[in-house]
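Undergrad: Here it is, the structure in full.
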Amino acid sequence: MKDAAPTPDMPTTPDPLALALSKLDPAPHGFNRDSLMFQAGQASKLNALAFWRATAVIATIAAGVFATLYFTRPTKIEHIERQVVVEPNK
């Protein structure tokens, strides 16, 4: 096994960055999780609502086109002449 690194006789000076960071107080986060979740839900709801509105408009237009084509088509009149076969009396 290796021996531990020798310790110097004089203690080392602490890192100046570590000292500066230790003196700082943590900043408050500044946001409300519930508020953010509500806003995200509202934005999602608006996107879904816009999608279903667009789908309904497209379906209504398609139904109108098909109804117009169905009710305004020309009527096809077919005359069928039936032939009646009369057998002579026997």
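Undergrad: Calculate, in nm to one decimal, what LEU17 and MET37 gain on full extension: separation in residues at 0.36 nm each, minus their alpha carbon distance.
TA: 3.5 nm
Undergrad: Counting only protein chains, not ligands or nucleic acids, how are LYS45, LYS23 ordered by accessible area (probe 1.4 Å), most first?
TA: LYS23, LYS45
Undergrad: For region 56-71, take each phi angle, set θ = phi - 60°, evaluate the Karplus expression 6.51 cos²θ - 1.76 cosθ + 1.60, and give the result in whole Hz per residue in order, putting x for glycine and proline.
TA: So the J values, rounded to whole Hz, are 5, 5, 5, 5, 5, 5, 4, 5, x, 5, 5, 5, 5, 5, 5, 7.
Undergrad: For THR75 and THR60, compute 0.36 nm times the residue count separating them, minus their Cα-Cα distance, and round to one decimal in nm.
TA: Full extension of this stretch gives 2.9 nm more.
Undergrad: Find how much the distance from ARG53 to ALA67 grows on full extension, using 0.36 nm per residue of separation minus their present alpha carbon separation; answer in nm with one decimal.
TA: 2.9 nm
The values are calculated or read from the model by the stated rules, or taken from the named source; none is laboratory data. Just so it is clear, the structure is predicted and the values come from calculations on it, not from any experiment. Accessible surface areas use protein heavy atoms only, side chains included; no ligands, DNA or RNA. Shrake-Rupley method; radii C 1.70, N 1.55, O 1.52, S 1.80 Å.
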